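These notes concern the structure reproduced below.
FYI, it's all coordinate maths here, none of it is from the lab. Treat the numbers as computed from the prediction; the structure is a model and nothing was measured. Here the Cβ positions follow ideal geometry from the backbone for every residue, glycine too, while neighbour counts run over all protein chains shown.
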Amino acid sequence: MINNETEILEKLEETLKNIKEKNPLTHCITNSVTINDCANAVLAIGGSPFMAEDAEELEEVVTIADVLVINIGKLSKDQVEAMKISAKTANKTNTPIVLDPVGVGVTELRNRTTLDLIENYDMAAIRGNISEIKAIAKLVGVIDENNTAKGVDVNIDDIITEENLSANGELIRELAAKLNTTILASGPIDILSDGETTIAIDNGDDMMPLITGSGCMLSSIVGSCVGGSTPLEGSLAAILAMNIAGEKARAKVDEKDEGTSSFRAYLIDYLYKTNAETLVNESNIKIL
């Protein structure tokens, strides 16, 4: 268990160094809407993207991969089968799995698929918005409240604020402990927990949700960072890299009086320029 912010920030330099040196092969089963952005984000952070989902080659791909990222954003029967084959192989080869449960809580298909994955396969990390994380908590009996996600976006009633930060932190800690995984709930304030250490991250920019794929990109770089580190330290490096890149991209857009398309390009630029000194100096985190 990590007891203070300084202790975990000191690990960022080693975490980023390991990612750059290992160049983790990041196998992403993601959705066609965001696949190109996810691949570019993985490259920018120092990983090597591999986007395979044909059942014929999945066992071979997962066997050589450093991490598997499963994103349920655009489900099909073939893709669900691909996810199960990949997850089964990953558990056999001790390859960490990062799950992005896009839209869980919205449809029965997404609920069944998410529940099947978390009940039958070991997940190193789960990354979703707070509505998605609460939906999982309801599915596994951690909470009994009814919450409905707004499509793939967070429900306005679920948004993490200073006022509900402590309660949401405890919920995420409890869920992480129950599922024996690391959970990253992203939003205006992000919460990260491995069931013991729980961290609030107050970085990022409100332009980030205005581009398609920012969440999918984050899950993909969480994958690369976990593939080159531990789930907690890798997830923290990923969320800080993404959020601080978002802050810098917004500043550049405002300086040049540009819009969301330029923001998207600058976001990847600043992910590529990520370094430990910037993350340490510009992070705004606290242990809950």
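Annotations for the structure displayed:
- Net charge contributed by nearby residues that have their C-beta within less than 15 Å of V253 (K/R +1, D/E -1): -3
- C-alpha center-to-center spacing [region 95-128, region 226-288] in angstrom: 25 Å
- Burial ordering of S220, S283, S76, fewest other beta-carbon atoms within 10 Å first: S76, S283, S220
- Exposed-loop-free span, longest in the chain, where GluC sites (Glu not before Pro) count as exposed if DSSP calls them loop and at most 14 other C-beta atoms lie within 10 Å: 58-144
- Distance between region 43-66 and region 1-36 - C-alpha centres, whole angstrom: 16 Å
- In this structure, the pairs whose alpha-carbon distance is over 29 Å, taken from K17/K248; K17/K286; K22/K178, are K22/K178.
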